[in-house]
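Below is one structure, written out as C-alpha cells, with a few remarks after it.
The values are calculated or read from the model by the stated rules, or taken from the named source; none is laboratory data. The shown structure was predicted, so the numbers you read here are calculated from the model rather than taken from an experiment. When we count neighbours, we look across all protein chains shown, and the Cβ atoms used for this are built from the backbone with ideal geometry, even at glycine.
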Amino acid sequence: MPYGGWELTTVNSTLRGVRQLVNLWRVAHLPIDLPSRGPFPVDDSLGMRVAIGMLIKSLEPGRYSQTYQQFETIHKLRAAYSNLHMSSLEGVNSLRTVGGETAKMSLTLLPTNSLWFERFSEVCLKCMGQEVRQDWALTLAVLHALLEVLEDEWHCAEAWPDRHCITRAGCFAVIAFCGSFRGNEVFLTDLYGLRKISGRTGWGILRHCATVGEVQRGIPPLLPSYSPGRQD
C-alpha cells in the first residue's frame with residue numbers, strides 16, 4: 001500500500017507539490033530537508049500484524065462466498081484487538097480523556113488507531129468491495145398467513161394465559177407492520193387509544209389494523225376475511 005493508500009490523483013498532486021517546493025528551496029539556497037521515509041521501527045506500532053491477520057482471514061470461506069469473506073467480517077478482528085488492548089495494562093495506562101462532562105474524547109496509543117491502519121482499512125474496503133444482502137420485507141400475504149396461524153392456535157388453546165400470549169404475538173406483528181416500527185418501538189404504542197378508535201376487540205382489532213395498513217400503503221386487502229366489515 002504505497003503512499004498511505006491515497007488515490008492516484010492525490011499521489012500525483014502531492015509529488016508535483018513536493019518537486020515545486022524543492023525547486024523553490026534551491027532558488028532560495030535553503031537546505032533540502034524532507035521528512036524521512038524510513039526505515040520503520042522494528043516494533044509494531046501501526047497495527048501491521050492485525051492488518052496481516054485480516055488479509056489472511058479474508059481468504060477463508062465466508063457466508064456469501066466459498067473463496068473469501070466480507071470486509072465487515074474481517075474488520076471485526078480490529079474490534080477484538082482494540083477491546084483487548086483497552087483492557088490491558090498498557091492500554092489502561094496510556095488512555096487519556098479530554099473534554100467536558102458529556103462530550104469527551106479519548107487519546108490512546110492503540111496501534112489500530114494509527115493513520116497507517118486507517119488508510120489500510122480504506123484501501124482494503126475499496127479493493128474487496130462490499131456485498132450487502134438486505135432482508136426481505138414482510139409482505140401483506142405473509143402477515144395475513146401469520147394471523148391465520150395465530151388465530152387457529154388461539155381457538156385451540158384452552159387456558160386464557162395461553163390465548164393472551166398468542167394475542168400479544170399477533171398484536172406485536174400487526175403494529176410493527178402497520179407503523180413500520182422497530183422492535184422496541186412497538187411497546188411504546190397506545191393500545192387503549194387504538195382500541196377506542198377502532199371500536200373492535202380481540203382478533204377483530206388485528207384484522208382492522210391489517211386492513212388499515214393495506215389502505216395506507218395503497219394496496220387493496222388481499223384476503224376477504226380481513227375486511228373492515230367483519231367483527232368478532
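Side notes on the structure shown:
- One residue alone among 84, 138, 125, 150 is of a type in the set (A, V, I, L, M, F, W, C), farther than 28 Å from residue 51 by Cβ and part of a helix (DSSP H, G or I), and that residue is 150.
- Selected residue (criterion: farthest from residue 127 (Cα to Cα)) from residues of the stretch 14-46 that are at pLDDT 85 or above and among the basic types (Lys, Arg): 26
- Flag if residue 53 is in a helix (DSSP H, G or I), over 30 Å from residue 110 (Cα atoms) and among the small types (Gly, Ala, Ser): no
- Residue check for residue 145: surrounded by 12 or more Cβ atoms within 10 Å (Cβ to Cβ) and not assigned by TED's automatic domain parsing to the domain that holds residue 45: yes
- In the condition set (1) among the hydrophobic types (A, V, I, L, M, F, W, C); (2) within 30 Å of the chain's Cα centre (by Cα); (3) closer than 19 Å to residue 125 by Cβ, residue 11 is compliant with all but (2).
- Lone unmet requirement of (1) more than 30 Å from residue 127 (Cα to Cα); (2) in contact (Cβ under 8 Å) with a residue 12 or more places away in the chain; (3) of a type outside the set (D, E, K, R) for residue 53: (1)
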